[in-house]
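Trainee: Structure provided below as structure tokens; questions to follow.
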Amino acid sequence: MFKVRSAVLAGFVIVCTAFGQRYTSPPAGAAVQVAGKRISVEYYAPSMHGRKIMGELVPFGKVWCPGANVATGLTTAADLQIGSLKLPKGTWSIWAIPGEKEWTLIVNKQSGQHHLDYEAAEDFGRTKMTVKTLAEPVETFRIELSSNGGNKGTLALIWETTEASIPFTVLP
């Protein structure tokens, strides 16, 4: 009887340890004021944990939710020109199609859905992003919003050694 209890206890400890090592993605966000209007993103920030990210965990040529858990939300208090898209103020989800040399940003009409529940039929539109290679790897995924002066700003998705960015303009 002692051996059975010991085996059950050992199995329980192994299972608990495995669950304890599961990767978590904490909530994160970024916000900026451009031309007096607030633009913000809310997302969950996964980390590399020794994994190869671009081209493997994040496959090239397939739709990816930048972040984890819940689709990344973009909220804007003003109409924006983001790349080739004229985006009305409101809340959207953002997605991407990563590539080795080129990325596409997708703005979707839905928001708050699970990060694996992408529906192309709900796309507002797609636009190209600029990609650059970083000198040092970034362990934890992050999104940056920056003001470039006047009514202009930049949205950047940064992870591993990749930065994909796109300029935006607050429209009058």
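Just so it is clear, none of the values below were taken in a lab; they were calculated from the coordinates. Everything numeric in this text was worked out from a predicted model, so none of it was measured. As a convention, Cβ positions derive from the backbone with ideal geometry for all residues, glycine included, and neighbour counts pool all protein chains shown.
Trainee: Could you state the angle between the C-alpha long axis of helix 2-20 and the longest principal axis of the C-alpha atoms of the chain, as a value from 0 to 90 degrees rounded to the nearest 10?
Mentor: Here the helix axis deviates by roughly 10 degrees.
Trainee: Any of Lys37/Lys101; Lys109/Lys132; Lys52/Lys152; Lys62/Lys86; Lys89/Lys132; Lys52/Lys132 with alpha carbons more than 26 Å apart? Name them for me.
Mentor: Cα-Cα > 26 Å for Lys37/Lys101; Lys109/Lys132; Lys52/Lys152; Lys89/Lys132; rest within.
Trainee: Here is a follow-up. Using R₀ = 25 Å, calculate the FRET efficiency as 1/(1 + (r/R₀)^6) where r is the Cβ-Cβ separation of Ala77 and Gln110; round to 0.05.
Mentor: 0.80
Trainee: Could you give the length gained on full extension between Glu56 and Arg38, defined as 0.36 nm per residue of separation minus the Cα-Cα distance, in nm?
Mentor: Residue separation times 0.36 nm, minus the Cα-Cα distance, leaves 3.0 nm.
Trainee: Follow-up. Mind giving me the nanometre distance, one decimal, between the label points for Ala30 and Glu100, set 7 Å out from Cα along Cα→Cβ?
Mentor: The modelled label-to-label distance comes out at 2.6 nm.
Trainee: How far, in nm, would the chain grow between Val138 and Tyr23 when pulled straight, counting 0.36 nm per residue and subtracting the alpha carbon separation?
Mentor: Net length gain for the segment: 39.7 nm.
Trainee: Cα-based Rg (one decimal) and Dmax (whole number) for the chain, in Å?
Mentor: Rg then Dmax for the chain, in Å: 19.5, 77.
Trainee: At most 10 other Cβ atoms within 10 Å and a DSSP loop assignment: could you name the GluC sites (Glu not before Pro) in the range 48-112 that fit?
Mentor: Those that pass, being in a loop and sparsely packed, are Glu56.
Trainee: Quick one: which residues, 5+ away or cross-chain, put their amide H under 5 Å from the amide H of Val70? H built at 1.01 Å from N.
Mentor: Tyr44, His115
Trainee: Can you tell me what percent of all Cα-Cα pairs in the range 25-112 are more than 16 Å apart?
Mentor: 58 percent
Trainee: Can you give the calculated 222 nm mean residue ellipticity of the chain, where each DSSP H run of n ≥ 4 adds -39,500 (n - 2.57) and the sum is split over every residue, rounded to the nearest 500 deg cm²/dmol?
Mentor: -4000 deg cm²/dmol
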